[in-house]
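The values are calculated or read from the model by the stated rules, or taken from the named source; none is laboratory data. Keep in mind the model is a prediction, meaning the values are calculated, not measured. Virtual Cβ from ideal backbone geometry, glycine too; neighbours counted across all protein chains shown.
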Protein chains: 6
Amino acid sequence: MPIVEAHILQGYSPTEKSRLSSALTDAIRFVVPAPDEAITVMLHEYPSEAYARGGQHRQPAPALPDPAQIVRDYLAAMEARDLDTAQGMLGDGFQMVFPATQPMTDLSELIAWSKGRYRFVKKTYDGFDAMHSGGVAVVYARGTLYGEWMDGTPFEGIRFIDRFEISGGKIVRQDVWNDMAEVRAK
Amino acid sequence: MPIVEAHILQGYSPTEKSRLSSALTDAIRFVVPAPDEAITVMLHEYPSEAYARGGQHRQPAPALPDPAQIVRDYLAAMEARDLDTAQGMLGDGFQMVFPATQPMTDLSELIAWSKGRYRFVKKTYDGFDAMHSGGVAVVYARGTLYGEWMDGTPFEGIRFIDRFEISGGKIVRQDVWNDMAEVRAK
Amino acid sequence: MPIVEAHILQGYSPTEKSRLSSALTDAIRFVVPAPDEAITVMLHEYPSEAYARGGQHRQPAPALPDPAQIVRDYLAAMEARDLDTAQGMLGDGFQMVFPATQPMTDLSELIAWSKGRYRFVKKTYDGFDAMHSGGVAVVYARGTLYGEWMDGTPFEGIRFIDRFEISGGKIVRQDVWNDMAEVRAK
Amino acid sequence: MPIVEAHILQGYSPTEKSRLSSALTDAIRFVVPAPDEAITVMLHEYPSEAYARGGQHRQPAPALPDPAQIVRDYLAAMEARDLDTAQGMLGDGFQMVFPATQPMTDLSELIAWSKGRYRFVKKTYDGFDAMHSGGVAVVYARGTLYGEWMDGTPFEGIRFIDRFEISGGKIVRQDVWNDMAEVRAK
Amino acid sequence: MPIVEAHILQGYSPTEKSRLSSALTDAIRFVVPAPDEAITVMLHEYPSEAYARGGQHRQPAPALPDPAQIVRDYLAAMEARDLDTAQGMLGDGFQMVFPATQPMTDLSELIAWSKGRYRFVKKTYDGFDAMHSGGVAVVYARGTLYGEWMDGTPFEGIRFIDRFEISGGKIVRQDVWNDMAEVRAK
Amino acid sequence: MPIVEAHILQGYSPTEKSRLSSALTDAIRFVVPAPDEAITVMLHEYPSEAYARGGQHRQPAPALPDPAQIVRDYLAAMEARDLDTAQGMLGDGFQMVFPATQPMTDLSELIAWSKGRYRFVKKTYDGFDAMHSGGVAVVYARGTLYGEWMDGTPFEGIRFIDRFEISGGKIVRQDVWNDMAEVRAK
């Protein structure tokens, strides 16, 4: 049954408004088990001249980019070993933790670390989850890895999950888990 | 700047309303980088007699339980090997996937599988993420494992992440990743 | 899809609020072919101290009585020949027109007119329609008549329709059509 | 005092919005005896991208045609004996009941039935009432008949009332009452 | 915390909407000590076809002119001895009271009265206050006077305050206080 | 036509809500010449649990006291020479300016200053104006003075106007103008 009215400044694109509608709809679904046809989201849009906070007219803050898309783009750049592009998507204080590694802060460290582990690895995605949590956007990407071990043996179907924190449109943290060691240990 | 009005039926507890307010606030934060003091959520509550859909007065659907709490309770029951309690929290069609295992559907399978791997294992939590995604509540729990290997050697600080899907207040899927094999392989 | 919010003063009974919700729902249905589950009506109720028009706090006007109920009560009183009760339900300037009669203003005229037509007549109702139209509440009652002609022959199933105008809770006009003459002419 | 806000999708014409405003105003008047200047109706209109039900953006359902206008057009076509036009305005399962007739389903039956009753008949309208009631639009047309009996004698001022049910823009039922037999019986 | 939604007809200029937003913001500040960033004003604007009072669509009343600007213009015209312009800004029944004078109704009276008091006088403004009070717009202008006494001695820094009542865009009353006599008496 | 909805936290008294309604009504009147019966103010009140800013539930800030009442009480205390009470109503940095005086900061200065001017003086009020302006509440009190000169001669009908600034419920500035010197100079 819940009906949501959100009041926003004019200037957001249809896609941004759709993302906002979806996020609000999911927020309702998270707490109230209403049937889908009973959850309505309506966005009131105001020109700057019809909206004032503290007596001051306001301009809309540009919408945050879709963090799931940022992660997709980053993972694609990494898979293509396009390190410049990937590096440009990282924010200040970026840290990444891979299975049984110390935190790394530079993509070159990661490349060095992975050198002795496999010839190449690629990802097949099963799904993404994204939300705002604890002050940042959090994105989970999960699926399976395929590629070749150092000896040329192919592998596939190895489960992985990556967790990203995005702040201000930049990736500030990446945590990676996967079953590579389990599989190799077999 | 966004201001959110949600219209709901009377009958939700203060805690449920807080959860709804938080979820709506995070939905806004997910898309619009407004300062916190500019994101306002207001809940209009209607007695049944003042709310009609299709001309019919409605009763509020009971709020969904907090899925993060369900996961905490389930993990605590598992850690205490209180299988009856844990089993009672599982929904129809429950499936769980552990590192390099086939999907299991019964907790006893899991117990049997873990028998040869460690004497015991316990969890220290670094954080939970929860959201509605793809028709279910999704909860991520992450942190580190400590315990004893089969030979009595203690271990600690092994990273893990669990992903749960909760539907209708029951856990219907659990996926687990951790660095155990990485650590043992060292 | 339409969602209706009506802002009213506190003080209306649940029944009155239901009548208002129904009327608003039907108003939407009259113009927009939305599925029923998509038409939501919500009533905001304000204590007098939180509602001001022209800077003056206001008291709620007592709800109008249900005009269909007024008509049912009036027709029941007439059928029971309880003329005092029926007369008390008529407003200033009351007028009634029966098949091929001049306008009558007093129930005794009607009784006199009907004297030579049948020994008694009673009504079976097929339905009522009620609405606000042209400054008054309009109620239609339709169904069939049964009773006895002057010679004692019974009759039944004779279609009738009555149209009433109600203003300020009083009946101010009654128009009657029926098939009595058609039936007698056969 | 009541103030009504209706939230609708963009795309309705000014006339359709006027019809909706009028219907909502009459819905209020039907229950609350507020002075006219205190009944305000405001329509919020949303582009599809700013309106979502169940997370899906929606297109506005085309407004229902004005049922009173449908009835006027139908009665004009019948009076002009333009049976093709009139027939095209009837919906599936159409039924009509005239004074002391069995239900008819085809306009040709009506023409046949009326053949022996008068040379022609035309209508002067005193008023129309229209509302949504019981799942359909109901329209009442009332006034007086004039024309010529079979013998060429003119008649006039014979009261009639027609009740129509309209569903999906088509007439599905017509009930007719009038004083013809009363008048002839005199 | 207060959030204000005002529903108005379309047709007001950005400046008029700013004036309305400011007035509403100050109305809140007058009663509730909320921090500025917590007072939001949002204006819903309706085309005439989406707004009905008493079932009638309405046109927006032209906004009242800014009374403080009217007063500034009037005082500038008076200072420039442009009596025609100033006279044109006065409404029916205009009255003015200067220190220890009887009420005057015509600007020529004022000119005559001031003749023996100073050669000329001009105003430096410290501030304006404006509000709606008691059915009229009230504007206060305060500051200091400078000029020359009749004997050619200059003066300056003499405090004054003018109070104006504006109705229908015209000045209908002016009350003036100042320290001229105090200063001269020294 | 304007309709104002203000959203506030629960906890304000009926009198405080009336003051807020009046201030909002006057804000509308200040800009739009709508007839009084067309200006509606409605206050939505939320319990703390149904209101969140930045995800935090909030408590209502206590309403500001009525500044016009503060001024009335202060002027009454001064007239009664109840300096302790009057002093207690002054805020930090209080300043007062009387006709042709330097700014004074202490009531005893005022008493000393007035000693040589009259035996006593009392006020008759013609009206008060109050508003929020420039970050403070501004109150104007105007009327006439009566009393006795030093030589025992009575006086009356001497116009005065006082301007007060109130911040945080305390008077922080008083400016006084009157015609005493004009009258004495005659």
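Residue-by-condition table, conditions (1) over 20 Å from C:VAL139 (Cα atoms); (2) touching a His at 6+ places or on another chain (Cβ under 9 Å); (3) among the charged types (D, E, K, R):
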| position | (1), (2), (3) |
| --- | --- |
| D:LEU107 | yes, no, no |
| D:ARG119 | yes, no, yes |
| D:LYS122 | yes, no, yes |
| D:PHE128 | no, no, no |
| D:TYR140 | no, no, no |
| D:TRP149 | yes, no, no |
| D:THR153 | yes, no, no |
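Quick check on this structure: which one of A:ARG184, A:ARG117, A:ARG173 is within 21 Å of the chain's Cα centre (by Cα) and within 25 Å of B:THR144 (Cβ to Cβ)?
Details: A:ARG184 fails: within 21 Å of the chain's Cα centre (by Cα); A:ARG117 fails: within 21 Å of the chain's Cα centre (by Cα).
Among A:ARG184, A:ARG117, A:ARG173, only A:ARG173 is within 21 Å of the chain's Cα centre (by Cα) and within 25 Å of B:THR144 (Cβ to Cβ).
Could you tell me whether F:SER133 is free of Cβ contacts under 8 Å to residues at least 12 places away in the same chain, closer than 30 Å to E:SER22 by Cβ and surrounded by fewer than 21 Cβ atoms within 10 Å (Cβ to Cβ)?
The answer is yes for F:SER133.
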Point to revise | In the range A:93-141, the residues that are away from chain B (no Cβ under 12 Å) and of a type in the set (Gly, Ala, Ser) | key: A:GLY93, A:SER108, A:ALA112, A:SER114, A:GLY116
Practice item. Would you mind stating whether D:ARG72 is touching a residue at least 40 places away in the same chain (Cβ under 8 Å) and farther than 26 Å from A:ALA34 by Cβ? Key: yes
**Study point:** Any chance A:ARG159 is among the basic types (Lys, Arg), within 11 Å of chain B (Cβ to nearest Cβ), farther than 30 Å from B:LEU24 by Cβ and free of Cβ contacts under 8 Å to residues at least 60 places away in the same chain
**Key:** yes
Exercise for review: Scan the range E:128-158 residue by residue and report those that are touching a strand residue (DSSP E or B) at 6+ places or on another chain (Cβ under 6 Å) and not hydrophobic (A, V, I, L, M, F, W, C).
Suggested key: E:ASP129, E:SER133, E:TYR140, E:ARG142, E:GLY143, E:THR144, E:TYR146, E:GLY147, E:GLU148, E:PRO154, E:GLU156, E:GLY157
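Tally time: how many residues in the range C:175-186 are in contact with a strand residue (DSSP E or B) (Cβ under 7 Å, 6 or more places away or on another chain) and either among the small types (Gly, Ala, Ser) or more than 8 Å from chain D (Cβ to nearest Cβ) (or both)? It would help to see each step written out before you state the result.
Taking the range C:175-186 as the starting set, the residues that turn out to be in contact with a strand residue (DSSP E or B) (Cβ under 7 Å, 6 or more places away or on another chain) are C:175-180, C:183.
Narrowing further to those that are either among the small types (Gly, Ala, Ser) or more than 8 Å from chain D (Cβ to nearest Cβ) (or both): C:176.
The total comes to 1.
Report yes if A:GLU45 is among the charged types (D, E, K, R) and over 30 Å from E:VAL41 (Cβ atoms), otherwise no. Talk me through it step by step, then tell me what you get.
Details: among the charged types (D, E, K, R): yes; over 30 Å from E:VAL41 (Cβ atoms): no.
No; evaluated as a whole, the condition is false for this residue.
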Practice item. Kindly indicate whether any position in the range B:109-126 is under 30 Å from A:ARG184 (Cα atoms), modelled with pLDDT of 95 or more, of a type in the set (Asp, Glu) and assigned by TED's automatic domain parsing to the domain that holds B:GLU148. Key: yes
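Would you check if B:VAL172 is away from every other protein chain (no Cβ under 14 Å) and touching a residue at least 12 places away in the same chain (Cβ under 8 Å)?
Numbers: away from every other protein chain (no Cβ under 14 Å): yes; touching a residue at least 12 places away in the same chain (Cβ under 8 Å): yes.
Considered against the rule, which asks whether it is away from every other protein chain (no Cβ under 14 Å) and touching a residue at least 12 places away in the same chain (Cβ under 8 Å), B:VAL172 comes out as yes.
Can B:PHE164 be described as modelled with pLDDT of 95 or more, of a type in the set (Phe, Trp, Tyr) and not assigned by TED's automatic domain parsing to the domain that holds B:ALA27? Spell out the reasoning first.
On the way: modelled with pLDDT of 95 or more: yes; of a type in the set (Phe, Trp, Tyr): yes; not assigned by TED's automatic domain parsing to the domain that holds B:ALA27: yes.
Against the criterion (modelled with pLDDT of 95 or more, of a type in the set (Phe, Trp, Tyr) and not assigned by TED's automatic domain parsing to the domain that holds B:ALA27), B:PHE164 qualifies.
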Check your understanding: Which residues, taken from the range F:169-186, are buried (at least 22 other Cβ atoms within 10 Å of the Cβ) and in a loop (DSSP other than H, G, I, E, B)?
Key -> F:ASP179
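Can you tell me which of B:LEU9, B:LEU90 is at pLDDT 95 or above, within 14 Å of chain C (Cβ to nearest Cβ) and either in contact with a strand residue (DSSP E or B) (Cβ under 6 Å, 6 or more places away or on another chain) or under 27 Å from A:GLY143 (Cα atoms) (or both)? Reasoning before the result, please.
Working: B:LEU90 fails: within 14 Å of chain C (Cβ to nearest Cβ).
When all the criteria are applied, what remains is B:LEU9.
To keep it simple, each residue is scored yes or no on (1) buried (at least 23 other Cβ atoms within 10 Å of the Cβ); (2) touching a strand residue (DSSP E or B) at 6+ places or on another chain (Cβ under 8 Å); (3) within 14 Å of chain C (Cβ to nearest Cβ).
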| site | (1), (2), (3) |
| --- | --- |
| B:SER21 | yes, yes, no |
| B:VAL31 | yes, no, no |
| B:GLU37 | no, yes, no |
| B:HIS44 | no, yes, yes |
| B:TYR51 | yes, yes, yes |
| B:PRO60 | no, yes, yes |
| B:ALA63 | no, no, no |
**Study point:** Hits in the range F:140-168 (condition: touching a helix residue (DSSP H, G or I) at 6+ places or on another chain (Cβ under 7 Å) and either surrounded by fewer than 15 Cβ atoms within 10 Å (Cβ to Cβ) or over 18 Å from F:GLU79 (Cα atoms) (or both))
**Key:** F:ILE166
